[in-house]
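Some notes on the structure that comes next.
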Amino acid sequence: MTGPARAMLVTGAGTGIGAAVAARAASEGWRVTICGRRAGLLGEVATRTGARSVVADVTDAAAVEALVAGAVADSGRLDCVVANAGVMRSGSVLDLDVADWDLTMRTNLTSVFLLARAALPHLMASGGSLVAVASIAALRAPGSAAAYAVSKAGLVMLTQTIARDFGAAGVRANVVCPGWVRTEMADEEMTEFGTPLGLDREMAYREVTRLVPQARPAEAAEVAAAITWLAGPDASYVNGACLVVDGGTVLVDPGTVGLDFSLAARTSLD
């Protein structure tokens, strides 16, 4: 006789990576609760995956407490939280206004603090895990994305402090740092980037991934596979890790782009 299904809560699950995580986790037998701000999109994901959907503002402490309590009441337990909700406001420090900075920090960073604070007692009880979705912008400074990059860098360290402080209590906390991924938010960024250059969406994706060794953006399902692996028992001794899922983007040395060192080496040996 088997016990109750493992239970997962996924934020920002109406589209993109969050929706892909819900689908992957459900296919692996997890009981999934999804949340987001748009009821229609959440309902579509719930219909496809069998997930329970909740409209919630993850920047509101009381709403987060109710979200976690409801997920636990529905499933009888909580084994994993995937913190995926996020926003992007472009601009340098001089371009951003205070409202955009505050919104980015509340959504991308403070919301995960609130979520972890509400979920940790349940994760300690189940020996569960937290997986946060950051970005390679947490590791390398992008242009005109000061608030986004700072919030994601903070998210990496927040996750690692949870790993450090609660590992002995049986909780694992890890972070995934994707590069470009085909999502609704990235589609909007491709339009913003490409339109002034006369590039359509596909051309813009090709341009921004031109230096990526795999020469393409990720699909949301590829990132979801990494997240569900970290959430599950096969990653039982992975704690505090920062898993980069970027097709090799951060490996590239911009100073050597366009140089053929293999040819240079052959020439020097002749």
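Computed quantities for the displayed model
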| item | result |
| --- | --- |
| Test: Arg172 is farther than 23 Å from Ala218 by Cα, buried (at least 20 other Cβ atoms within 10 Å of the Cβ), at pLDDT 95 or above and not aliphatic (A, V, I, L, M) | yes |
| Criterion violated by Leu130 - all others in (1) assigned to a loop (DSSP other than H, G, I, E, B); (2) of a type in the set (A, V, I, L, M, F, W, C); (3) crowded, with 18+ Cβ neighbours inside 10 Å satisfied | (1) |
| Some residue of the range 19-26 being over 17 Å from the mean Cα position of the chain (by Cα), surrounded by fewer than 18 Cβ atoms within 10 Å (Cβ to Cβ) and at pLDDT 95 or above | no |
| Flag for Val156 being touching a strand residue (DSSP E or B) at 6+ places or on another chain (Cβ under 7 Å), closer than 18 Å to Leu9 by Cβ and either in contact (Cβ under 8 Å) with a residue 40 or more places away in the chain or not in a loop (DSSP other than H, G, I, E, B) (or both) | no |
| Close pairs (8 angstrom Cβ cut-off, 6 or more residues apart or separate chains): outside any helix (DSSP H, G or I) in the range 48-66, of a type in the set (A, V, I, L, M, F, W, C) and loosely packed, with under 15 Cβ neighbours inside 10 Å anywhere | Ser53/Ala39; Val55/Ala39; Ala56/Ala66 |
| Residue count, the range 109-137 (criterion: on the phi > 0 side of the Ramachandran plot and either among the hydrophobic types (A, V, I, L, M, F, W, C) or touching a Leu at 6+ places or on another chain (Cβ under 6 Å) (or both)) | 0 |
| Single residue of Val81, Val93 found to be in contact with a helix residue (DSSP H, G or I) (Cβ under 6 Å, 6 or more places away or on another chain) and either within 26 Å of Asp234 (Cα to Cα) or crowded, with 22+ Cβ neighbours inside 10 Å (or both) | Val81 |
| Scope the range 45-70; condition within 13 Å of Ala5 (Cβ to Cβ) and either among the aliphatic types (A, V, I, L, M) or over 22 Å from the mean Cα position of the chain (by Cα) (or both); matching residues | Ala51 |
| Scan of the range 28-40 for residues that are surrounded by fewer than 24 Cβ atoms within 10 Å (Cβ to Cβ), in contact with a helix residue (DSSP H, G or I) (Cβ under 8 Å, 6 or more places away or on another chain) and either free of Cβ contacts under 8 Å to residues at least 24 places away in the same chain or not in a loop (DSSP other than H, G, I, E, B) (or both), ordered by number | Arg31 |
| Filter result (surrounded by fewer than 20 Cβ atoms within 10 Å (Cβ to Cβ) and either touching a Lys or Arg at 6+ places or on another chain (Cβ under 9 Å) or among the polar types (S, T, N, Q) (or both)) within the range 183-216 | Asp187, Thr191, Gly194, Thr195, Leu199, Arg206, Thr209, Gln214, Ala215, Arg216 |
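The values are calculated or read from the model by the stated rules, or taken from the named source; none is laboratory data. The model shown is predicted, which means the values in this text are computed figures rather than measured ones. Backbone-built Cβ (ideal geometry, glycine too); neighbour counts: all protein chains shown.
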